[in-house]
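I have placed the structure first, in the form of structure tokens, so that the comments after it can refer back to it.
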Amino acid sequence: MNTQIVAVDPGFAHFMSQSDVVGKTLLAILIVMSVASWAIMAVKGLTLVLRNGRSREFLNFFWNATSLEAVAGEITTHGARDPFSHLTSHAMHAQAHHARYGAAKLEEAGSSSEFVTRTIKKVLDEEMSRLENGLTVLATVGATAPFVGLFGTVWGVYHALVAIGMSGAGTLDKVAGPVGEALIMTGLGLAVAIPAVVGYNWLTRANRVLAAKLDAFAYELHTFVSMGQPLGVGAEVGANVRPIAARPAAA
């Protein structure tokens, strides 16, 4: 009587069929991490492309506008669709509000320039908080996914060695197959973590560049809104004014 030996093809499917609840739970966690990180990168990437295009369009209009009233009309017509127009809208509204009502509340205390400065800082903080939404998830996935995969590998190797010890077959082919299958979880953890880390660094750099541009624009905007003149005009006027002679000290 001939006995047929059925060869087991080692691989991911066989590993999952032999895995217990812990191994399948770890795999589900890695899948959720991967889906979440790719979804965040897709949404943030699309938002980044649209935001950069709208920002360039608004800045081109802003620097070619004849007055702040024209800028206000543009924002009223098309709305504040990017960080620069949003910052401009709040700064002009703050200046107009303080000029009309003055310091009616504690948050409006001080001069008009000081109130505009506080408003610009507040809007900048809000924009940076909005830009950083979702980055914590990417950082968490990039930092923890390799360890989740490693835990799955350790768990799989442990069960494989226990099964080999109970069967009494300690040959190389009996050991290499289960251990090699358990290493799949480490590979999956790295496959989930690497894109998340790359996406996090990409979005962080893009946000840092935008923050620098917003800071530079906020300085110019504050000058336009508070003084109603571009940078350098005050210096040119001051250069043509003779300094007042100091009064002699009283005896």
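Would you confirm, using the coordinates I've provided, whether Leu59 is of a type outside the set (Lys, Arg), under 21 Å from Thr136 (Cβ atoms) and in a helix (DSSP H, G or I)? Walk me through it before giving the result.
Details: of a type outside the set (Lys, Arg): yes; under 21 Å from Thr136 (Cβ atoms): no; in a helix (DSSP H, G or I): yes.
When the stated conditions are applied, Leu59 does not pass them.
Let me confirm something: among Leu68, Leu87, Leu59, which residue is touching an Asp or Glu at 6+ places or on another chain (Cβ under 8 Å) and either at pLDDT 70 or above or closer than 19 Å to Ala216 by Cβ (or both)? Quick ask: steps written out before the conclusion?
On the way: Leu68 fails: touching an Asp or Glu at 6+ places or on another chain (Cβ under 8 Å); Leu59 fails: touching an Asp or Glu at 6+ places or on another chain (Cβ under 8 Å).
When all the criteria are applied, what remains is Leu87.
Considering (1) at pLDDT 90 or above; (2) surrounded by fewer than 16 Cβ atoms within 10 Å (Cβ to Cβ), say which one Arg100 fails and leave the rest.
(1)
Does Asp215 satisfy the condition of being modelled with pLDDT under 75, acidic (Asp, Glu) and part of a helix (DSSP H, G or I)?
Working: modelled with pLDDT under 75: no; acidic (Asp, Glu): yes; part of a helix (DSSP H, G or I): yes.
It is false that Asp215 is modelled with pLDDT under 75, acidic (Asp, Glu) and part of a helix (DSSP H, G or I).
Is it the case that the range 32-55 has a residue that's at pLDDT 85 or above and over 27 Å from the mean Cα position of the chain (by Cα)? Write out each step before concluding.
The first filter runs over the range 32-55 and keeps only residues at pLDDT 85 or above, leaving 32-55.
Now restrict to residues that are over 27 Å from the mean Cα position of the chain (by Cα): none.
No, the range 32-55 contains no residue that is at pLDDT 85 or above and over 27 Å from the mean Cα position of the chain (by Cα).
Need the failing condition index for Phe15 against (1) surrounded by fewer than 16 Cβ atoms within 10 Å (Cβ to Cβ); (2) in a helix (DSSP H, G or I); (3) at pLDDT below 90, just the number.
(1)
Rundown of residues vs (1) part of a helix (DSSP H, G or I); (2) out of contact with any helix residue (DSSP H, G or I) (no Cβ under 7 Å at 6 or more places or on another chain); (3) modelled with pLDDT of 90 or more, yes/no style:
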site: Gly170; (1), (2), (3): no, no, no
site: Val175; (1), (2), (3): yes, no, no
site: Ala182; (1), (2), (3): yes, no, no
site: Val192; (1), (2), (3): yes, no, yes
site: Tyr219; (1), (2), (3): yes, yes, no
site: Thr223; (1), (2), (3): yes, yes, no
site: Leu231; (1), (2), (3): no, no, no
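Of everything in the range 122-159, what is of a type in the set (Ser, Thr, Tyr) and within 25 Å of the chain's Cα centre (by Cα)? Give them in sequence order.
First, pick out the residues of the range 122-159 that are of a type in the set (Ser, Thr, Tyr): 129, 136, 140, 144, 153, 158.
Matches in the range 122-159: Ser129, Thr136, Thr140, Thr144.
Residues in the range 114-146 that are assigned to a helix (DSSP H, G or I), small (Gly, Ala, Ser) and in contact with a helix residue (DSSP H, G or I) (Cβ under 7 Å, 6 or more places away or on another chain): how many?
From the range 114-146, those assigned to a helix (DSSP H, G or I) are 114-131, 135-146; that's our starting set.
With small (Gly, Ala, Ser) added as a condition, the list becomes 129, 139, 142-143, 145.
Right, trim to in contact with a helix residue (DSSP H, G or I) (Cβ under 7 Å, 6 or more places away or on another chain) and you get 139, 142, 145.
The total comes to 3.
The values are calculated or read from the model by the stated rules, or taken from the named source; none is laboratory data. On a predicted model such as this, the values are computed, not experimentally measured, just so you know. Neighbour counts run over all protein chains shown; Cβ positions are idealised from the backbone, glycine included.
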